[in-house]
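The structure appears below as structure tokens.
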Amino acid sequence: MDIRSYLTPYKWKEPVLVGSGDQGAFDHHAVDCPFVFEHQNRFYMMYVGFDGLGYQTALAVSDDLLRWEHLSTILRREEGSGWDSRNVAGTWIMRENDMQGPAKLKKWNGKYWLAYHSYPWEGYEEGSARIGLAWTEDENLLHWNRLERPILTPEDGESWERGGLYKECLLEHEGTFYLFYNAKNKNHGRWIEQTGLATSTDLIHWDRHPYNPVIQVTPEAWDSGFASDPCVLRNGNEWAMFYFGYNYKKAQEGIALSPDLRHWNKHPEPIITVGGEGELDETFAHKPSVIAHNGILYHFYTASRKPKEGDRTCNVFPEFRTITVATSKPLPR
């Protein structure tokens, strides 16, 4: 299993995006879940902010992939259809599949399509989340129209996903839409999160893969508790899924490869490990978003460490949770 083209050993070791810390702001406590793409000759990042009540979703912009500026909140509280009006986390907008090519957005029926999940109650990921879709014809990507009903619910799934459905990855290939998502088996206690697949031809009606979950946890391994947050891209003749594993102590990034989007082979070790004591990602290095630019692979991820005096934000647990990046080649400072 040759994974050399997927490795990003050079950590930036500083945040590229930090929550505002402002009382009442959507990102008062933390930022999370990066999704990076190209649009209108700039780089964009869709990301989630946590304000103590729940998630809302925003965009940031950059000209160099390292310095980011908040643009606008795009999925807000109290704007959904009831089921998604409290707590909404956008995680993927359908984009071109080629990992080495430009990460430009991809339309279907003249619209851009965004996948998100929503928790039913206020608080930090409280309740069993469902998955929805939103669309826009706005080239500025600021105004989104959510479908009235969720496209996947935990109640309709198998036992491994009855606790809730989470981070989505939506792509189209040869006329079929593929939705990868992670899910947990229960809401309380020590749950297990694994990654499943559903397919569709119209983005409305979805069929779960009969052999879900397609990415499973490995007992006693670095991903024994979670195998979560898929980021699926095509690299030549194979498909790569970046994901994170968690063993109830540390969260780290891994990779699996597939010839057909349905059968996956996991690399046995993480490809991004947590940092040392006091480093930005000392406890969590997880939730991947991958983009290539000028021959360099940028692997964005959420980093967490224990809080320190002077941190702008402090999330629950408590922790300092930010977004950072690792690259395939060293970057000039």
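Only one of these is in contact with a Phe, Trp or Tyr (Cβ under 8 Å, 6 or more places away or on another chain) and part of a loop (DSSP other than H, G, I, E, B): 325, 274. Name it.
On the way: 325 fails: part of a loop (DSSP other than H, G, I, E, B).
Matching residue, one of 325, 274: 274.
How many of the residues in segment 205-252 are hydrophobic (A, V, I, L, M, F, W, C) and farther than 20 Å from residue 273 by Cα?
Going through segment 205-252 one residue at a time, the tally reaches 4.
Residues in segment 79-124 that are within 13 Å of residue 165 (Cα to Cα), part of a loop (DSSP other than H, G, I, E, B) and either in contact with an Asp or Glu (Cβ under 7 Å, 6 or more places away or on another chain) or free of Cβ contacts under 8 Å to residues at least 12 places away in the same chain (or both): how many?
1
Six or more apart or on different chains, Cβ under 7 Å: which pairs go from a residue in segment 136-154 that's assigned to a loop (DSSP other than H, G, I, E, B) to one that's modelled with pLDDT under 95? Could you list them?
148/81
Quick one: would you say residue 308 is under 22 Å from residue 221 (Cβ atoms) and at pLDDT 95 or above?
It is false that residue 308 is under 22 Å from residue 221 (Cβ atoms) and at pLDDT 95 or above.
Starting from segment 190-211, keep only residues that are under 23 Å from residue 224 (Cβ atoms) and touching a residue at least 60 places away in the same chain (Cβ under 8 Å), then list their pairs with residues that are surrounded by 12 or more Cβ atoms within 10 Å (Cβ to Cβ) and of a type in the set (Val, Ile, Thr) whose Cβ atoms are within a distance under 8 Å, requiring at least 6 positions of separation or different chains.
197/214
So which of 56, 23 ends up being of a type in the set (S, T, N, Q), farther than 21 Å from residue 243 by Cα and in contact with a Gly (Cβ under 7 Å, 6 or more places away or on another chain)? Show your work before the answer.
Values: 23 fails: in contact with a Gly (Cβ under 7 Å, 6 or more places away or on another chain).
Residue meeting the stated conditions: 56.
Run residue 121 past the list (1) at pLDDT 95 or above; (2) surrounded by fewer than 20 Cβ atoms within 10 Å (Cβ to Cβ); (3) aromatic (Phe, Trp, Tyr); (4) more than 27 Å from residue 224 (Cβ to Cβ) and report the number of the one that doesn't hold.
Status for residue 121: all satisfied but (1).
What's the total number of residues in segment 1-58 that are buried (at least 18 other Cβ atoms within 10 Å of the Cβ), in a loop (DSSP other than H, G, I, E, B) and of a type in the set (A, V, I, L, M)?
Total satisfying the criteria: 2.
Determine which member of the set 257, 261 is in contact (Cβ under 8 Å) with a residue 12 or more places away in the chain, more than 17 Å from the chain's Cα centre (by Cα) and part of a strand (DSSP E or B). Steps first, please.
Numbers: 261 fails: part of a strand (DSSP E or B).
Only one candidate passes the filter, namely 257.
Results for (1) surrounded by 19 or more Cβ atoms within 10 Å (Cβ to Cβ); (2) among the basic types (Lys, Arg), shown as yes or no for each residue.
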| residue | (1), (2) |
| --- | --- |
| 269 | no, no |
| 282 | no, no |
| 287 | yes, yes |
| 292 | no, no |
| 301 | yes, no |
| 306 | no, yes |
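Select from segment 1-47 the residues that are at pLDDT 95 or above and aliphatic (A, V, I, L, M) and list them in ascending order.
Result: 3, 7, 16, 17, 18, 25, 30, 31, 36, 45, 46.
Given the conditions (1) touching a strand residue (DSSP E or B) at 6+ places or on another chain (Cβ under 6 Å); (2) farther than 30 Å from residue 265 by Cα; (3) buried (at least 20 other Cβ atoms within 10 Å of the Cβ), which single one is not true for residue 86?
(1)
Give the residue, chosen from 238, 220, 193, that is within 21 Å of residue 99 (Cα to Cα) and acidic (Asp, Glu).
Values: 220 fails: within 21 Å of residue 99 (Cα to Cα); 193 fails: within 21 Å of residue 99 (Cα to Cα).
None of the others qualify; the one that does is 238.
The values are calculated or read from the model by the stated rules, or taken from the named source; none is laboratory data. What you are looking at is a predicted structure, and each value in this text was computed from that prediction instead of being measured. Quick reminder, even Gly has a Cβ in these numbers, built from the backbone with ideal geometry, and neighbours come from all protein chains shown.
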